[in-house]
Each structure stands twice: as C-alpha cells, then as structure tokens.
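The values are calculated or read from the model by the stated rules, or taken from the named source; none is laboratory data. Bear in mind the structure is a predicted one, so any value in this text is a computation, not a measurement. Because the Cβ atoms are built from the backbone with ideal geometry, glycine has one as well, and the counts that use them run over all protein chains shown. For accessibility, only protein heavy atoms count, side chains too; no ligands or nucleic acids. Shrake-Rupley method; radii C 1.70, N 1.55, O 1.52, S 1.80 Å.
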Amino acid sequence: MVETDGREEQPNQSSTMKTTKIFGLITNSIFLGLGTSGGPLVMRLYFIHGGKRIWLSSFLETAGFPVMLIPLSISYIHQRCNKTTNSEKPKLISMELYLFLASAIVGILTGLDDYLYAYGVSLLPVSTFSLIQASHLSFTAVFAFLLVKQKFTAYSVNSIVLLTIAAVVLALRSSGDRPHGESTGKYIVGFLMIVAAAALYGFVLPLVELVYKKTKQHITYSLVMEIQFVMCFFATFFCTIGMIINNDFKVIPREARDYELGETKYYYVLVWSAMMWQFFFLGAIGVIFCASSLLSGIIIAVFLPVTEVLAVILYKENFEAEKGVALVLSLWGFASYFYGEIKQEWKRNKNHRLNTEQAQCPPLSLIP
C-alpha cells in the first residue's frame, strides 16, 4: 500500500511543479513585456522634454533594485513559516561566493550596456531604436550557441538574416527620421550605440544562463531574485560612478526646475523609468530561469514592434516607408523563429513518445 501511494503522489507532484513553472513563465513574460515597451517610452519622454543627463538615465535602468527586498523578504518569511522540524533552517542570503562574483561581473556589463542604450535613446526616435534593438535577437542566438550550445535551425538562421537586413534598411536612410536640429553625425552615433547595446545584451542573456548551468547551487526563484538584486546593485554602482564624474547629482535640481512638463512631473518620470526597467530585468532573468535565454530574447524582440507603434501614437513620430519595410522584415523574422521552435518542439515530443513506447514494448524476440 505504501509503494502504491508513493507512485500515485509522484505524478501529482510533477504536475504541480509543471503548473508552477508555467505560471512563473507567464508572470515573468508579462513583466518583461511591460518593461520592454514601458522602459524606452518613459526614457524617451525624459529626453523629449528637456532631460539631457545620459548617466542619470542609465542609472535609472537598474536603480529600482531595492524594490526586490520586498519579494525576497516575503520568500524568506514563507520559508521560515513552512519549515518542518527536520528541515534545514532557511538562510537570509542563500547565494554562495561563486554565484555572487559571477552576478557582480554580469552586473557591471549590464551597467555598461545601460549607458550605451541610454546614449542611443537620447539621439534616436523610439520607433527607430526599437527596430534597431530587434537585432539583439541575432546576437543572443549567436552567443547562446557559443556559450550554452543552443542549436540552430534553418528557421532561426532565416530569422537572424531578416532582422539584420531590417537594421541595415534603417541605416541606409539616416536622415528620414532624424530629430529636428540633430546632425547626421549624432544620428549615426546613436545608431551605433544602440547596435552596440543590442550586441552586449545579446551576450549578457546567455551569460546568465551559463551561470545558472555552472553553479553547484540548486537554482530556485528566490535565488534568481538574489541574483537580480546583486546584478542591479553593481550595474547601479557602475552608473553612479559615471554620474559623480559627470556631476549629474548637482545638476538634477536645476534640470527639474527647467523641465518642460514641470518639476513634479520630472521626478515622476524618473521614478516610473526606474520601475519600468526593474520589471524588464526581473522578467528577463525570470524567463531564463523558467525556460532559456533565447526565449527571453524572443519575448523582448516580439514587444519591440509594440513599442514602435506606441511611439508613433504617443509621440507623433514619423513612420516612413523604410520603417514599414524594417517592421515587416522584423515580424517575418519573429514568425520564422516561432514556427521553427514549434516544429522542433513537436518533433521532440514525437521522438519522446516513440522512445517511451519502445521502452514499454520490448521486441518479440525477447519475449519468452
């Protein structure tokens, strides 16, 4: 009877874990979608109405990390309350030294990426840099192949080619959507900064997945939040040094007084920018935990056209033929990748079923 009960509980436990993981993936995908669209829109709002501090904008991309203390505290209290008599006492900080150092390195790279991205956003319309940013999926795929042995298919290669061509189409028309009063040279610099930011973040996502694979610790969602906290702390520290060197802290009160939307709304914009970007980073590493770095990159890429459309509606940005072509190529690339992934998943499931059936039905020659 005991053995029978154990066999009955195992599928239920597996089903519960699968349901929890699916719920986590959906939740983190929503966070990632909010951050992908909301972060750049609020950041661009800062620059449109008189903001000029690039280091401040990059600082805000990770400065909301103290908010992570709330879910971390809730998780710790939950573990304490559910601790059985024989179970190990939960630790306030479960991260080991290797994982801390790896998270710190990734955090510094993230801080550099924040600066490159903020620099590009300060010079380009949202609808333009969103399409350029879509090229990060190509970089993510390449680095995922190199770091975590992600396999390529004809569909993923096709997706990479299409997204690259989309970025080239935008580069060929450098004057079509250049903001009023901005030189061609600054526009090109902004373009290159966004490409560099896309490449660096395309490296960071698989690097996080590699850290998950190499650590000897059991990765839980609570530990994922600790990793996020350390990463954002070091990214914010990196940008804080830049702010100090650039005297941004001294300039903020004066910039707030001169802000076109008013001093109060200036600080609202800063706070909302920090919150939206925190959604982005929490969602990104959460999706990596629940699935893979490549899926995280795909979700970011999927929401970029949404960001572009919102920018055209909210900020009245121009939508030239080149952007239309780039958007169609980007959507084609996304569709190609998704179709390839669905086909691969169907093939894996079919092979798994065949292997299971063969294991359950031995060859006739072996049956006495």
| remark: Counting Lys and Arg as +1 and Asp and Glu as -1 over every other residue whose Cβ sits under 14 Å from the Cβ of Cys232, the net charge comes to -4
| field | Residue-averaged 222 nm ellipticity for the chain, from DSSP H runs of 4+ at -39500 (n - 2.57), nearest 500 | value | -28000 deg cm²/dmol
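Hey, can you rank 41-51, 147-157 by average C-beta count inside 10 Å, highest first?
41-51, 147-157
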| query | Among the helices of the chain (complete DSSP H runs), which have Cα atoms covering no less than 24 Å along the helix axis and a Kyte-Doolittle mean of at least 1.6? | reply | 154-172, 221-245, 293-315
| request: State the percentage of accessible surface on the chain attributable to carbon and sulfur atoms; use a 1.4 Å probe and exclude ligands, DNA and RNA. | output: 67 percent
| task | Figure the gain on full extension for Ser183 and Ala335 (residue separation times 0.36 nm, minus the Cα-Cα span) and round it to one decimal in nm. | result | 51.1 nm
| Inter-label distance, nm, simple model (7 Å from Cα along the C-beta direction), Tyr76/Ala321 | 6.1 nm
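So for region 152-301, averaging the separation of alpha carbon pairs under 8 Å that are six or more residues apart and normalising by length, what relative contact order in percent results?
29 percent
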| message | If the reach is capped at under 24 angstrom between alpha carbons, list the lysines near Lys347, excluding any in the same chain fewer than eight residues apart. | response | Lys18, Lys21, Lys149, Lys151
| Rounded, prolate or oblate: which fits region 209-368 when a ≥ b ≥ c are the square roots of the eigenvalues of the alpha-carbon gyration tensor, with rounded for a/c under 1.5 and prolate only if a/b beats b/c? | oblate
| request: At 0.36 nm per residue, minus the direct Cα-Cα distance, what do Thr27 and Lys52 gain on full extension? Give it in nm, one decimal, please. | output: 5.6 nm
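Given +1 on the Cβ of Lys and Arg, -1 on the Cβ of Asp and Glu, and no further charges, what dipole in debye does the chain carry about its Cα centre, rounded to the nearest 20?
360 debye
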| query | Using 1/(1 + (r/R0)^6) with R0 = 25 angstrom and r between the beta carbons of Thr220 and Ile105, what's the FRET efficiency to the nearest 0.05? | reply | 0.70
| query | Given a cut-off of under 8 Å on Cα pairs at least six residues apart, what relative contact order in percent is computed for the chain? | reply | 36 percent
| query | Which is farthest toward the positive dipole end of the chain among Phe152, Val224, Leu69, measuring Cα position about the Cα centre, with Cβ charges +1 (Lys, Arg) and -1 (Asp, Glu)? | reply | Phe152
| query | How big is D, in µm² s⁻¹, for region 214-307 by Stokes-Einstein at 37 °C and 0.692 mPa s if Rh is the Kirkwood radius over C-alpha pairs? | reply | 205 µm²/s
| query | Hey, can you rank 95-108, 221-234, 276-289 by average C-beta count inside 10 Å, highest first? | reply | 276-289, 221-234, 95-108
| note | Computed from the beta carbon distance with a Förster radius of 25 Å, FRET efficiency for Lys213 and Tyr267 to the nearest 0.05 stands at 0.05
| remark: For Asp258, placing the label point 7 angstrom along Cα-to-beta-carbon and taking region 50-69, residues whose amide nitrogen sits under 15 Å are 50-54
